[in-house]
Amino acid sequence: MSRVRLLPDTLASQVAAGEVIERPASVVKELVENSIDASGRSIEIMIRRGGISLIRVTDDGIGMDRDDALLCLERHATSKIRSAADLAMVATLGFRGEALPSIASVSRFRLTTREKEAIAGSEVIVSGGRIETVRDGGEAPGTQVEVRSLFYNLPARRKFLRSENTETRHIEHQLYLQAIAHPEIAFSFVRDDRLIFQLPATKNLRDRIHDLLGSELLARLLEVSPGAKGRVTVTGLIGQAGVSRASRAQQFVFVNGRAIESPVIGAALKEGYHTALMKGQYPVTFLFVALDPAEVDVNVHPAKREVRFRDPSEVREAVVAAVRRSLESDRESWQEQFRAPAPSTVVPFVRPPEASPPEPIAPRFVSPTPSMAQSRFAVETQQSSFSPQRPPPQKQAPTAPSQFQILGVLNKLYVLMENADGLVLVDQHAAHERILFEELRRRMEEKGVPSQRLLLSQVIELAPRDAEWIEQNMATLRKMGLGVEEFGRHTFKLESVPPFLSAAEPARLLQDVIDSLKSASNSSSPLRLGEDMIAKTVCRHAVKANDYLREPEVEKLIHDLLACELPYCCPHGRPTMIQISLGELEKKFGRKV
Ligand code: ADP
Ligand code: MG
């Protein structure tokens, strides 16, 4: 007896719908994408009860004639591609011809549509996949789709829906994505009869972000700096160093205009923001990646949420470089903040006649050395092989000392400065961490991390898997300044370590390094791994809170900080500087409300 049988059409659609339509937000996504593909200039979205009871999307696009209005409800009916060749370079958001039949099979569905020139439009009513009514409908040119009682015929699905609020949030996120991808289209969103937003069409992304998310966020975004012309271009706006969120909620990424979630790009952003964000924080991005459509496969995810790149590393590198470039380009305006006010407005700070400071706690820095960072390391690395000569590090001459006004140091930790805006506080520890970090990284890039021989080499036995891993990564470890030799089965000899690492417990150290390297993605370069190691260790070597610094040392610190590539934050992403504006002070003192 044969057991294989074809599914009835409606059931087949419901099965397919399971993949495309996960929740109300998926319906919104598909409908809005259709409106965009249909050249809508103005799109209205209306929902009730988290989209579960009603979703209505109305556009002023090209509309459909009667035949198309019926045909578009068939599975695999699409106007967007015709051949396999088209699939390789899809330029529309949709292309599968699955969305409408899927939605119609799991809801009470009503489509009204009219072409511009047509005298009459059409109305099609479908319930649970069965067409119930087809008639003339005289609506305005364009298309309106109404989806009621989503999943009414699939109780199991319906049970999986979250609260109305959660579903609403997902819908809103969808709309944000679409609105950001298409500033040239006007959007309005009504939720339970309340107008949530109304976005006028605009020519530029800035205006759209302003209308959607406000001027405060906009002020903290950087334009992605253009790079050398390559096959992958990256544009958009991204958060300044330190502007972050605890989730990816504001990490908007678009590939050829399509909102996507991409682990490749996510990792690239993380890498680009390396040392500019705190651990566990995500950058805020409105990132547009463009490349030849033939280089991207958009047909890998049922909801078209993911794509596959033919050359992921090319995309990754382009994104990393774009982020780095942009963050570094922000330096000048940041340095500007350190400028003291015009001389006429400065009331010079009157110092008490050489009030002898509290006995310096074994001052670590002696000012006449070329650099504070240098002096520390020069002491520590006397026996090491690298020359203590500091390479000409600054790409740019540091700001002249007269341009900033140091008022003093608070609590042996915060350098107080005055600028045109008011008060600037610099965390001397964070600042010094940043300076040391960049200094060491520069050396590592130039000649590998210097290595210092241990007085007694250490023999360390490792678990077989770790041992195997070490064998494979010996070169990387050397580059990082860890001199490891094989010394028998699963046994290694650690002969030298970077001078800035404490080798009190070499076995622990090696194990730590193995663990962190293993957990790092394999796409990480040895350089990046070395960087991580440096970032972890500089902290212990940087000026601590309550290290007393003399005035020239403070000045040097600020100079060196201003010359850093990413001066805004320490290598762990904590800010180095905080500005308290005169305006804020006025508010605090009740001079201004
Ligand atoms: P796809 O978008 O993958 O082509 P859909 O099921 O979403 O598949 O839509 C099927 C077809 O219906 C589209 O190709 C398009 O021709 C037509 N269509 C859908 N929505 C609209 C709309 N809002 N305006 C005009 N035509 C539309
Ligand atoms: Mg579609």
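The values are calculated or read from the model by the stated rules, or taken from the named source; none is laboratory data. In this text, all values refer to a predicted model and were calculated from it rather than measured experimentally. When we count neighbours, we look across all protein chains shown, and the Cβ atoms used for this are built from the backbone with ideal geometry, even at glycine. Accessible surface is based on the protein model in full, side chains and every heavy atom, while ligands, DNA and RNA are left aside. Shrake-Rupley method; radii C 1.70, N 1.55, O 1.52, S 1.80 Å.
Accessible area per residue (1.4 Å probe, heavy atoms of protein chains only) ranks 429, 76 as 76, 429, with the largest value leading.
Find out how many positive minus negative residues lie around residue 323, taking Lys and Arg as positive, Asp and Glu as negative, among other residues whose Cβ is under 13 Å from that of residue 323. Working shown, then result.
Working: positive: 270, 316, 324, 325; negative: 223, 271, 317, 328, 330, 565.
Charge balance near residue 323 sits at -2.
Our summary of shape: the Cα atoms of segment 4-163 have principal axis extents of 44, 39, 27 Å, ordered from largest down, in whole angstrom.
Where the accessible area of segment 126-269 is counted over protein heavy atoms with a 1.4 Å probe, how much of it, in %, is carbon and sulfur?
Details: 3530 of 7300 Å².
For segment 126-269, the apolar C and S fraction of the accessible surface comes to 48 percent.
Shape class for segment 93-143: oblate, because the ratio a/c of the largest to smallest gyration tensor axis (alpha-carbon atoms, square roots of eigenvalues) is 1.5 or more and b/c is at least a/b.
Provide the per residue accessible area, probe 1.4 Å, for segment 27-183, rounded to a whole number of square angstrom.
Details: 7210 Å² over 157 residues.
It amounts to 46 Å² per residue over segment 27-183.
The shape of segment 247-318 comes out prolate: with a ≥ b ≥ c from the C-alpha gyration tensor, a/c is at least 1.5 and a/b beats b/c.
Expressed as a whole percent, the proportion of Cα-Cα pairs in segment 155-236 lying more than 16 Å apart is 64%.
Listed by chain and number, the aspartates and glutamates whose alpha-carbon sits under 15 Å from that of residue 304, ignoring those within fewer than 8 places in the same chain, are 19, 22, 30, 33, 37, 98, 261.
For segment 274-314, what is the convex hull (Cα atoms) projected area averaged across all directions, in square nanometres? Let's see the in-between values first.
On the way: hull surface 17.8 nm².
Averaging across all directions leaves 4.4 nm² for the Cα convex hull.
Rounded to the nearest 10 square angstrom, residue 68 shows an accessible area of 70 square angstrom against a 1.4 Å probe.
Annotation: residue 487 carries an accessible surface of approximately 110 Å², with a 1.4 Å probe and no ligand, DNA or RNA atoms counted. Extent of segment 37-126 along its three principal axes (Cα atoms, max minus min coordinate, largest first): 41, 32, 24 Å. Residue 149 exposes around 30 Å² of accessible area when a 1.4 Å probe is run over every protein chain in place.
Net charge within 12 Å of residue 264 by Cβ-Cβ distance, Lys/Arg positive one each and Asp/Glu negative one each, not counting residue 264 itself? Walk me through the intermediate numbers first.
On the way: positive: 270, 308, 310, 316; negative: 261, 271, 306, 311, 314, 317.
Here the charged neighbours net out to -2.
All C-alpha to C-alpha distances of segment 18-57, sorted into 10 Å bins beginning at zero, yield P(r) values of 30, 52, 18, 0 percent in whole numbers.
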